[in-house]
Amino acid sequence: MTMTRKDLESIVESGPESIQKFAHLLLQVNEDVLNERLRQNEKWGHQRHDLGTWLMILIEEVGESAQAMQVKKGWGKPTDASNLYEELIHVSAVASAIAEQVLEESRKRK
Ligand SMILES: [Mg+2]
């Protein structure tokens with residue numbers, strides 16, 4: 001069974017408090033990833049890259065996430081990547097963009 005957004009919203013409204021908290025987090029994170037994807041599309045247009053280029057972009061975001069984690073520990077060099085949540089959203093959004101291309105290409109082959 002696939003859970004839909006409507007299912008999740010129903011759980012948020014009627015489920016136990018522990019489930020409501022989880023569902024709220026899941027919805028918020030995924031909404032933020034979607035908003036980041038839309039921001040990327042507005043900034044860069046419809047991006048299509050070879051997988052090596054995508055991997056470089058993804059690893060850059062993973063690196064920024066690691067830098068933000070280092071900031072929390074007082075480690076590392078000065079960096080703009082201080083917001084861990086934001087950097088993890090970037091990682092997820094780039095992974096989503098790659099997945100979108102992979103899905104698009106697999107559908108073209110059918
Ligand atoms: Mg970033």
Failed condition for residue 28, given (1) assigned to a helix (DSSP H, G or I); (2) surrounded by 11 or more Cβ atoms within 10 Å (Cβ to Cβ); (3) out of contact with any helix residue (DSSP H, G or I) (no Cβ under 7 Å at 6 or more places or on another chain), with all others met?
(2)
Selection from region 39-59 of residues that are acidic (Asp, Glu) and either surrounded by 11 or more Cβ atoms within 10 Å (Cβ to Cβ) or under 17 Å from residue 103 (Cα atoms) (or both)
50
Number of the condition not met by residue 40 [criteria: (1) in a helix (DSSP H, G or I); (2) away from the ligand (no atom under 16 Å from the Cβ)]
(2)
Taking region 88-110 and keeping only residues that are within 11 Å of the ligand (Cβ to nearest atom) and among the aliphatic types (A, V, I, L, M), one is left with 88, 89, 91, 93, 94
Those residues of region 43-61 which are of a type outside the set (A, V, I, L, M, F, W, C) and either over 17 Å from residue 104 (Cβ atoms) or within 13 Å of the ligand (Cβ to nearest atom) (or both), in sequence order
43, 52, 60, 61
Report yes if some residue within region 89-104 is out of contact with any Pro (no Cβ under 9 Å at 6 or more places or on another chain), at pLDDT below 95, open to solvent by less than 50 Å² (accessible area, probe 1.4 Å) and not small (Gly, Ala, Ser); otherwise report no.
no
Sort out which residues of region 62-87 are surrounded by 16 or more Cβ atoms within 10 Å (Cβ to Cβ), closer than 20 Å to residue 28 by Cα and within 9 Å of the ligand (Cβ to nearest atom), and write them in order of number.
65, 87
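The values are calculated or read from the model by the stated rules, or taken from the named source; none is laboratory data. Keep in mind that this is a model prediction, so the values were computed, not measured. A quick note on method: Cβ atoms are made from the backbone with ideal geometry, for glycine too, and the neighbour counts reach across all protein chains shown. Just the protein is used for accessible areas: all its heavy atoms, side chains included, with ligands, DNA and RNA removed. Shrake-Rupley method; radii C 1.70, N 1.55, O 1.52, S 1.80 Å.
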